[in-house]
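Computed from the coordinates by the stated procedures, all read-outs in this text should not be read as laboratory data. None of these values were measured; they are calculated from a predicted model. Cβ placement follows ideal geometry from the backbone for every residue including glycine, while neighbour counts extend to all protein chains displayed.
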Amino acid sequence: MFIDTRQVDEGHAVHTTVCIVGAGVAGITLALEMDRLGIDTCLLESGGYTPDDETRDLYRGENVGLPYAFADGSRSRYLGGSSNCWGGWCRPLDPWDFHKRDWVPHSGWPFGLEELAPYYARTHALLRLGPDNFDPAFWEPAIDRRDVRRVPLVTGHVRDTVAQFSPPARFGKLYRKDLERSRFVRVFLHANAVNIDTDASASRVTCIEVATLTGRRIAVHAKRFVLAAGGIENARLLLASNRVQPAGLGNGHDIVGRFFMDHPRIMSASVHFSKTWSRNKLYDIKYHYQNAAVSAHGTPISSQFALQPETLRSERLLNARAWFFSTFYGEGSAASEALIRCKQAWLHKDQPGWRLRDDAATMLAHPLDTIGFGLTRLLQPRALITGVKLQAIVEPVPHRDSRVSLGEARDRLGMPRVKVAWRLDELVKRTFDRTFALLADELRASGVARVELDAPLEGHPWPTKLEGTWHHMGTTRMHDSPREGVVDRHCKVRGIANLYVAGSSVFPTVGANFPTITITALTLRLAEHLVRSLGEPDAVVTLAPGRQPRAVPPQAGLDTLPFAAQSLLRAAKE
């Protein structure tokens, strides 16, 4: 069921069992699980079905760290959240991404890959992925042809990895009918969470205060509250909810908003292929991205290079992924950039100040660059490739001073706008340098290519070509110690009995893989924990939208839960 909050009576009180803030991948995944288990749920979404400029403006803030775009064009504040601008890359974290490493400060998860493995398996249906297998040897027999085949690796330092592509799954569109038909989930659109209200000791959330851009205000009362608004907005809402605790909720150790992470991305070096390997598409982002010609077992895939875990340990490096990046005719010109902006406008991406007539004039003034780049992107002829580079993303070090904080400016709802300070450790530069160097040695030794390396990054300022990947992570990190984490291993906010966080903001470290599949797996795990917590004596379980919540008597416990939830609890106990 969908409800336009702008049409709800002023001051209305909504009562439910579970309240979720944010209808992106985490929020919708959790809502679907609550619906499957028959638990009354309220899902709050700031936007509507499509993007609009007024809602999008609520994301804007001030950048005070490395040059970094964190609002316009990089997030989507409407139903489906960032799945609306997601590229579809999927690969679980590596086993060692969960480990504590003595050369990586603040590293280590409270549990290992084995804890998430069964939930990773369940993500494949939600994300529309292929087989639950990421071993290159599994895929090799189905992709082994002249232009799509694995590179021989001979030095022992480099390995190749496989990622799968989701179509990509746009959660707002893909699961809209499921949410419309749901008996147990009410989705409130245009509903902006502006405050988390608590009791006098801030040990329990009593309600979420909700505002619309039209000036209407309501309150949502629940027994369990889950923040699923993204790596920046989760922190912002906790920090801004400071009526009882001046530093914000869950912030007794000044951690909320800190350890903000994104995967830095850099293009470097020049690659000169041997004739045998010049047409291979498997490792080239310009050819393997969502390409039906690079698929196996009915699933589009791609391969990336990474360093062996033994090499990471011996050289004390971070995790990284690298691939080839073919440069097309006209790429980087004013005309190609104008053409890309026009495509982004067609996809409804936010580009403040964009004007079609300006870009049209640029493209008309440079017809060869416009047509050459456009045709090359569309048809991908090898003859129009002007060069090949290496591109890589590197795992960031959890950095306490890389953070999201509140600024002085306020948005239309009266919420403080954010200040984002993205900071990166010197170890990140060294990891880029060594990853490129070891990969160059590998390609040369295996006869694949000759690589001309660029000047090293270490010891120099970050180049202007440094980019993020819009993976906002780490700001409500998970840890077994309250001095190191905002949430515990069950994603519950420390010191608050009924407040949880879903999404990549709980990642303690982030590896060098794409976060969406891990967000989904963690959310499925959280759903099971929430159901178990609802078997506690203080729980309220409402069985259908519109009914008043009923208390679960202390002696009733498990038997009062919906049948599906009972089954899940019994299985967990066994």
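Once a ≥ b ≥ c are taken as the square roots of the eigenvalues of the Cα gyration tensor of the chain, is the result rounded (a/c under 1.5), prolate (a/b larger than b/c) or oblate (a/b not larger than b/c)? Don't jump to the answer; show the numbers that get you there.
Numbers: a/c = 1.76, a/b = 1.55, b/c = 1.14.
In terms of gyration-tensor shape, prolate.
Compute the distance from the alpha-carbon center of segment 254-307 to that of segment 65-107, in whole Å.
That distance is 16 Å.
Enumerate the lysines that LYS343 could reach by cross-link, defined here as Cα to Cα under 23 Å, with residues fewer than 8 away along the same chain left out.
Cα-Cα hits under 23 Å: LYS173, LYS286, LYS465.
Answer rounded, prolate or oblate for segment 1-91, using the Cα gyration tensor with square roots of eigenvalues a ≥ b ≥ c: rounded when a/c is under 1.5, else prolate when a/b is larger than b/c, else oblate.
Oblate.
What relative contact order, as a whole-number percentage, does segment 1-94 give when Cα pairs under 8 Å and 6 or more residues apart are counted?
Working: 92 pairs, mean separation 25.4, N = 94.
Relative CO of segment 1-94 lands at 27 percent.
Expressed as an acute angle from 0 to 90° and rounded to the nearest 10, what is the orientation of the C-alpha long axis of helix 356-365 relative to the principal long axis of the chain?
Between the helix axis and the principal axis of the chain, the angle is about 0 degrees.
About the Cα centre of the chain, what is the dipole size in debye to 20, counting +1 per Lys and Arg Cβ and -1 per Asp and Glu Cβ, all else neutral? All intermediate terms of the calculation are to be shown ahead of the outcome.
Values: 71 positive and 62 negative charges, 139 e Å.
With only Lys, Arg, Asp and Glu charged at Cβ, the dipole is about 660 debye.
Residue farthest toward the positive end of the dipole of the chain, with Cβ of Lys/Arg at +1 and Asp/Glu at -1: which of GLY485, THR29, GLY61?
Result: THR29, furthest along the dipole toward the positive end.
What order do you get for ILE519, ILE385 when you list them from fewest to most C-beta neighbours inside 10 Å?
On the way: ILE519 28, ILE385 17.
Ordered by Cβ neighbours within 10 Å, fewest first: ILE385, ILE519.
For labels at ASP254 and TYR289 in the simple 7 Å Cα→Cβ model, what's the distance in nm?
4.1
Name the shape class, rounded, prolate or oblate, that the alpha-carbon gyration tensor gives for segment 258-306, where a ≥ b ≥ c are the square roots of its eigenvalues, rounded holds for a/c under 1.5, and otherwise prolate holds if a/b is larger than b/c and oblate otherwise.
Numbers: a/c = 3.26, a/b = 1.32, b/c = 2.47.
It comes out oblate by the Cα gyration axes.
Would you mind ranking ARG101, ARG525, ARG355 by Cβ crowding within 10 Å, fewest neighbours first? Let's see the in-between values first.
Working: ARG101 17, ARG525 21, ARG355 11.
If I rank by nearby Cβ atoms, fewest first, I get ARG355, ARG101, ARG525.
In nm, what is the difference between 0.36 nm times the number of residues separating TRP96 and MET267 and their Cα-Cα distance? Mind showing how you got there, number by number?
On the way: separation 171, 0.36 × 171 = 61.56 nm, distance 2.54 nm.
Residue separation times 0.36 nm, minus the Cα-Cα distance, leaves 59.0 nm.
Compute the angle between helix 426-445 and the longest alpha-carbon principal axis of the chain, please, reported from 0 to 90 degrees and rounded to the nearest 10.
The two axes meet at around 40 degrees.
Distance in nm between label sites at ASP4 and GLU458, each 7 Å beyond Cα in the beta-carbon direction?
My value for the distance between the label points is 5.9 nm.
Sticking with the crude label model, points 7 Å out along Cα→Cβ, report the distance from ARG159 to TRP346 in nm, one decimal please.
4.0
Under 8 Å for C-alpha pairs, at least 6 residues apart: give me the relative contact order for the chain, rounded to a whole percent.
24
Can you compute the helix-only [θ] at 222 nm over the chain? Use -39500 (n - 2.57) per DSSP H run of at least 4 residues, normalise by all residues, nearest 500 deg cm²/dmol.
Working: 15 runs with 153 residues, N = 574.
Dividing the helical sum by the residues of the chain leaves -8000 deg cm²/dmol.
Pairing the Cα long axis of helix 25-36 with the longest principal axis of the chain, what angle in degrees results, from 0 to 90 and rounded to the nearest 10?
Value to nearest ten degrees: 50.
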